[in-house]
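Read-outs throughout are calculated quantities, based only on the coordinates presented, and are distinct from any laboratory measurement. In this text the structure is predicted, and so the values were computed from the model without any measurement. As a convention, Cβ positions derive from the backbone with ideal geometry for all residues, glycine included, and neighbour counts pool all protein chains shown.
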Amino acid sequence: MGWPVMHSRSPLMHNYWMQHHNLAGIYVPLAIPPAGLDAALRALHPLGFAGCNLTIPHKQEAMKSVDEVDAVAKAIGAISCVTVRIDGSLEGTNNDCYGFIQSIRHELPAWRADAGPAVVIGAGGGARAVCYALAREGVKEIRLVNRTFDRAKKVADDLGGPTKAVAWEQRNEIQEGAAMIVNTTSQGMVGHSPLDLKLEKLPVSALAMDIIYIPLETPFLGAARQRGNPTINGLGMLLHQARPAWRAWFGIEPEVTPEVRTIMEKSIEF
């Protein structure tokens, strides 16, 4: 469920796994305007859904509609996945944090959370999941920057720990000494303007990540790669966050194989 959502490539991987595991089901995109979110979630059980994933702009608002929110989603303050239980009640969780960390470990097995500070750009549900995941892994300092400082401060205050809000005007300076930088905004996505960021202060050894996967290389990641930084796009996060969702829905944990990744990449390249 999202608004908009028809650009999503999620149905490709889920339906690939449906066939692979011989399940009589289908994964469909549901374009749900914000005003219809509660009714759409309540319709899941009578329509026979096992659950759904949530994307922009529903991840925070959906917390009001489900019957139970687990500890991870409460801590993050956003839901990415809903499971329909046998009695028809709805449970919300957040698998984005799992997908984010697994995507790093898949691409860079030697990655260390304690290598240095992290810079996170954005203050939406994606930023909350990323900051929560990094803090839980052991990152000691998270510099959170957003165009609207009050939103960044709200996220930092809610999460606590190593997450500190920084003014947008300092977005270039705070990269100095960072071990990684993560874009969680929609800037750089197809149809959106590029991220307004200069990388001169970013150490060349720092990991540059984007949770966007359309395109596979955003202007931000392209600039980072050209200067020698290791980069990771958002496709791995999308693939890996689906695994715990399947475990909740079907009791199956699908594999992120080279085949399913290739199918996704080919659907995105243009």
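Okay, here's what the table says:
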quantity: Cα-centre dipole for the chain with unit charges at Cβ (Lys and Arg positive, Asp and Glu negative), debye to 20; calculated: 280 debye
quantity: Mean Cβ count within 10 Å, highest first, over the residues of peptides 120-129, 238-247, 43-52; calculated: 120-129, 238-247, 43-52
quantity: Region 38-67 residues near the modelled Val28 label - backbone nitrogen below 12 Å, point 7 Å along Cα→Cβ; calculated: 44, 47-49
quantity: Cα-centre dipole for region 1-123 with unit charges at Cβ (Lys and Arg positive, Asp and Glu negative), debye to 20; calculated: 220 debye
quantity: Between 0 and 90°, nearest 10: helix 96-107 axis offset from the chain longest Cα axis; calculated: 60 degrees
quantity: Least to most buried among Val260, Val145 (fewest other Cβ within 10 Å first); calculated: Val260, Val145
quantity: Burial order of peptide ranges 196-209, 171-184, 15-28 (average beta-carbon count within 10 Å, highest first); calculated: 171-184, 196-209, 15-28
quantity: Rounded to 10°, Cα long-axis angle of helix 149-159 versus longest principal axis of the chain; calculated: 70 degrees
quantity: Charged-residue dipole, Cβ positions (Lys, Arg, Asp, Glu), region 128-234 about Cα centre, Debye nearest 20; calculated: 100 debye
quantity: Share of pairwise Cα separations in region 76-214, more than 24 Å, in percent; calculated: 29 percent
quantity: Between region 209-227 and region 134-198, the alpha-carbon center distance in angstrom; calculated: 16 Å
quantity: For region 15-45 versus region 47-94, the gap between their alpha-carbon centres in whole angstrom; calculated: 13 Å
quantity: Spacing of the two label points (7 Å from each Cα toward its C-beta) at Ser193 and His7, in nm; calculated: 1.6 nm
quantity: Extension gain, Glu200 back to Arg136 (0.36 nm per residue minus Cα-Cα distance, nm); calculated: 20.1 nm
quantity: Rel. contact order, % - alpha carbon contacts under 8 angstrom, at least six apart, the chain; calculated: 15 percent
quantity: The chain: angle of helix 125-137 to the longest principal axis, Cα-based, in degrees nearest 10; calculated: 70 degrees
quantity: DSSP-defined antiparallel bridges as percent of all bridges, the chain, nearest 5; calculated: 25 percent
